[in-house]
Every structure is written in C-alpha cells, then in structure tokens.
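Shown next, in structure tokens, is the structure this report addresses.
The values are calculated or read from the model by the stated rules, or taken from the named source; none is laboratory data. Computed from a predicted model, the values in this text were never measured in an experiment. Counting neighbours? That spans all protein chains shown, and the Cβs are built from the backbone with ideal geometry, glycine included. Quick note on the areas: whole protein, heavy atoms, side chains included, nothing else; ligands and nucleic acids left out. Shrake-Rupley method; radii C 1.70, N 1.55, O 1.52, S 1.80 Å.
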Amino acid sequence: MSQYHPEAFPPSSGNLLERTGRTAGNIVRGHRPLGRELLNAVVNLPILPWILFPMQPEPDSHSEFLPGSYTSLWEYFSAIAQVVVPTERKSASYGNLAVLPPDYIWPQSKRQTKWFFINGICTSPSMALLEAREVALAFQRPIHLIHTPTAGFVRDIAGALNARALRKDGRLSRPAYNVVRNALLSHDQVVLVTYSQGAIVASYIARKMLKDPQLREHAHKLEIYSIGGAADSLHIDYALTAEHGHTVPYVEHFANGKDFFARVGILAKYHSTSGPIFFVAERKGHMLNPHYIKGIVRGDYCDGRSRLSKYANGGEPGVDDYIPFDRRR
C-alpha cells in the first residue's frame, strides 16, 4: 500500500500574490537560460506531433494512450484526465511498490541489487504502473516504482523547465534522492531506469550524491539508464571513474531521433552530458512502452553493445561489460 509523505511534497507557502512574485523573480533572474530553452523548443516544434505516434508500432506493447492497455475504461479516462486537469496529486509510490514480472522466482544470490524506475511528466499512478510493468517484463527483474505525480501538463512542463534551466528541482527530485540514497547504503548495486523527466531527477541525484562525502564511497554502485531523457546535463566524477575503471556513476542514454523531448534534452545537450548516447535517427515517438522498450531489448539502438541491453530478459552483464570512458565527450 503506497503512503503519502507530506514532508516530501510540502504545501505551497504564502498567498497567491507572494507565489506569483517569487515565480516572476525566478523568470527575471533566469531569463537567459529560459530563453535558450524556448529557442531550443521552437526549433524542434515540427516533430512535436510525433511524441504519441505511431500509437502501437509494436504489436504486443501496452501503449500508455490506448484504452486496451488498462484494466477498465474508468482507469484509462482517469489517466487521461490527470494529464489535462491541473491540481496537486499524491505519489503512488516512493520506491516501496515493487512490480514483478510474471512467474518471477527470487534468485538465491548473496549480491544485493535493487532496480528503480522513475517516470516522466503527465503520469498518473495507473500509467506509471503500466510503464513499470513493461520495464519489469523487459528485464525480468522486480522494479521498484518511484512515482513523480502529475499536476497536469502545463504545470508539469513549468516544473521541468524550472528544474532544468533554473536548477529549482529539490521539490521534484528530493523524495527520489532519499530513496536512492538509502538503497545505495544498503545494497551492492542500484540500477536506476529513468524515462523523460526522470532523467532530470537522475541528474539531481547524481549531483547531490557526488557532493555527499559519505555517499561518494557508494557512488560506484549506481547505474543510470536514461530513456528519451529530457535532462540538460548528467555528470560523473573523474576521480572515482579513474579509481573504479568505469564511469561513476555509470550512465547510458537511449533516444529516438524524432522524439521531441529527447531532441530538446539529451540530443541537444550531449556536450554537457556524460555517458554514451545510443539513438536511431529516423525513429519516431516519445512514449516508453510502444516506442522504446522493445527496441532496447532487441538491441536496435546499440547492436547489443550497451550494458543495459545485456540485462534484457534476465541477463547479467559481466564486471567488464561497461562502455569505455571517453574523456573527449
């Protein structure tokens, strides 16, 4: 049963006039980065319609925007309504809800590993669970959901811009950071699969983790896989990378060349982002289930070279199966 933690998403303080004043001040102080973000978006507007289409290019995928992917029409219309209606909502899971693949048998292993999934914008609880199930099925592992609740499309976009351009992402990302922090302290390996806005959350987690003297000692355990990532940066630590022989944290990115959010995110900001970027130039669509997961499992993006693809169908990469670090990136 999921729990709502008020401290993770505190209520807005001050009256409407005060909040409006703070927002206006942030815009004035950050007008240059916001201007760059706007220009980036305008340049890529022609491919915006492809974020949802094709609706079901994979015959056995569970598209987030098709009624047949949900258990009832009520669940489907509720998910769509949450995209449109602007209001604060509770998270369905702060990493405490685990989605298991069908007929999963827990392995008898002394190595303690934990996988998390962080969703993108406009994601209701039912949609987040739909995506987490697809990730669990693809990699045949329990996936612990860190659900970032939607406040409606407009407010979600504003929050993502705030996090990217102005680095005002504590409210968005702090709950996820605390969950990942606790997992790193108690496990041998932590894998973070992020989608769209989830890459912005992962960027925050990496920045804060590398600044924490205690957590730095565990940073080599963290692997981050960004799918359709909307982040503008994701940094590694060079000293820890040299010490452990692979990038710390270890990072890989997957993007469709005609995915609007990947185009304004990872593909536009590759120079400030660590880790290899695997992409298919002519591939369309932004949705996780129909447009990305099956292709990653098949190796469409990387010909089986990425570490993430080696986890597919329950596989286990070796200790040397990391993409070599390239300082020129």
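Every pair of different Cα atoms in segment 169-273 enters the Kirkwood calculation, which places the hydrodynamic radius at 13.7 Å.
Taking amide H as placed 1.01 Å from N in the peptide plane, the amide H of TRP115 sits under 5 Å from that of HIS144, VAL191, each at least 5 places away or on another chain. A Förster distance of 22 Å, applied to the separation of the beta-carbon atoms of SER272 and ALA239, puts the FRET efficiency at 0.70. Using just its DSSP H runs of length 4 or more, each adding -39500 (n - 2.57), the chain gives a mean residue ellipticity at 222 nm of -11000 deg cm²/dmol after division by all residues. Between GLY95 and LEU145, ILE146, HIS147, the built amide H atoms are under 5 Å apart, and every one of these is 5 or more places off in sequence or on another chain. Accessible area per residue of the chain at 1.4 Å probe, in Å²? For the chain, the solvent-accessible area averages 47 Å² per residue.
For ASN313 and LEU166, the FRET efficiency from 1/(1 + (r/R0)^6), where r spans their Cβ atoms and R0 equals 45 Å, is about 0.65.
Positive contributions from Lys and Arg (+1) and negative ones from Asp and Glu (-1), summed over other residues with Cβ under 10 Å from the Cβ of TYR204, come out at +3.
Placing +1 on the Cβ of every Lys and Arg and -1 on the Cβ of every Asp and Glu, with no other charges, gives the chain a dipole of roughly 1000 debye about its Cα centre. Which of the listed residues, ALA268, TYR250, MET287, is farthest toward the dipole's positive end in segment 248-301, when Lys, Arg count +1 and Asp, Glu count -1 at the beta-carbon? Of the options given, the answer is MET287.
Using a cut-off of 12 Å between beta-carbons, work out the net charge of the residues near THR194 (Lys and Arg +1, Asp and Glu -1, THR194 not included). Taking every Cβ under 12 Å from that of THR194, the sum is -3.
Between GLN189 and ASN96, the modelled label-to-label distance comes to 2.8 nm, taking each label 7 Å out from Cα in the direction of the beta carbon.
Length available on full extension from ASP300 to LEU52: 0.36 nm per residue minus the Cα-Cα distance, which gives 87.3 nm. Each other residue within a Cβ distance under 15 Å of VAL154 adds +1 if Lys or Arg and -1 if Asp or Glu, for a net charge of 0. Counting 0.36 nm for each residue step from ASN178 to LYS110 and taking away their Cα separation leaves a gain of 22.0 nm. When all protein chains stay in place and ligands, DNA and RNA are ignored, the 1.4 Å accessible-area order of TRP115, TRP106, TRP50, largest first, is TRP106, TRP50, TRP115. Relative to its Kirkwood radius, the Cα radius of gyration of the chain gives an Rg/Rh of 0.94.
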